[in-house]
1. What number goes with the only condition from (1) open to solvent by less than 10 Å² (accessible area, probe 1.4 Å); (2) not in a loop (DSSP other than H, G, I, E, B) that R102 does not pass?
2. For the condition surrounded by 19 or more Cβ atoms within 10 Å (Cβ to Cβ) and assigned to a loop (DSSP other than H, G, I, E, B), what is the one hit in R40, R73?
3. Quick one: would you say A121 is touching a Lys or Arg at 6+ places or on another chain (Cβ under 6 Å) and either among the β-branched types (V, I, T) or farther than 20 Å from V7 by Cβ (or both)?
4. Only one residue in L124, L96 is over 14 Å from G22 (Cα atoms), touching a residue at least 60 places away in the same chain (Cβ under 8 Å) and not in a strand (DSSP E or B). Which one?
5. Assess whether G79 counts as being closer than 27 Å to S16 by Cβ, touching a residue at least 24 places away in the same chain (Cβ under 8 Å) and part of a loop (DSSP other than H, G, I, E, B).
6. Could you please find all residues in region 33-62 being without any contact (Cβ under 8 Å) to a residue 40 or more places away in the chain and not β-branched (V, I, T)?
Amino acid sequence: MDEPLSVDELLERVRSGLDRIGPREAFDAAAQGALLVDIRYAALRKRDGLIPGALVVERNELEWRLDPQGSHRAPEATGHGLRTVVICNEGYASSLAAASLRQLGLYRATDLIGGFQAWRAAGLPVDRP
């Protein structure tokens, strides 16, 4: 049996397999058809606002909504080749979520470095609550 990992070790391991992107790159990717997926919980979305055009999916539903073969998939889950950028509040949970999507075959899934807070700090569009 393998030695247990700390969450920091797990995060480092999964990030080594992701091509993480910054806010401007995520904005440009969305303009080119990538799907931005906001996994922040409702209180954060209510407090800070939303990224225009992002699909909101609570973290506990992510795999069911993004699996292109799943019976509960969102209409936006069009195929395994879909470029998907997962966004959490600060860029931690999104790395783990993107790795999970990759295990489902979404081989272009990644996450936003710094999360929603980095997006907002970069001056990118936000719909206020």
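1. (1)
2. On the way: R73 fails: surrounded by 19 or more Cβ atoms within 10 Å (Cβ to Cβ).
None of the other options fit; the residue is R40.
3. On the way: touching a Lys or Arg at 6+ places or on another chain (Cβ under 6 Å): no; either among the β-branched types (V, I, T) or farther than 20 Å from V7 by Cβ (or both): yes.
It is false that A121 is touching a Lys or Arg at 6+ places or on another chain (Cβ under 6 Å) and either among the β-branched types (V, I, T) or farther than 20 Å from V7 by Cβ (or both).
4. Values: L124 fails: over 14 Å from G22 (Cα atoms).
One residue alone meets the criteria, L96.
5. Numbers: closer than 27 Å to S16 by Cβ: yes; touching a residue at least 24 places away in the same chain (Cβ under 8 Å): no; part of a loop (DSSP other than H, G, I, E, B): yes.
Considered against the rule, which asks whether it is closer than 27 Å to S16 by Cβ, touching a residue at least 24 places away in the same chain (Cβ under 8 Å) and part of a loop (DSSP other than H, G, I, E, B), G79 comes out as no.
6. Result: Y41, A42, A43, G53, A54, L55, E58, R59, N60, E61, L62.
The values are calculated or read from the model by the stated rules, or taken from the named source; none is laboratory data. All values reported here derive from a predicted model rather than from experimental measurement. Backbone-built Cβ (ideal geometry, glycine too); neighbour counts: all protein chains shown. Areas reflect the complete protein model, heavy atoms only, side chains present, ligands, DNA and RNA absent. Shrake-Rupley method; radii C 1.70, N 1.55, O 1.52, S 1.80 Å.
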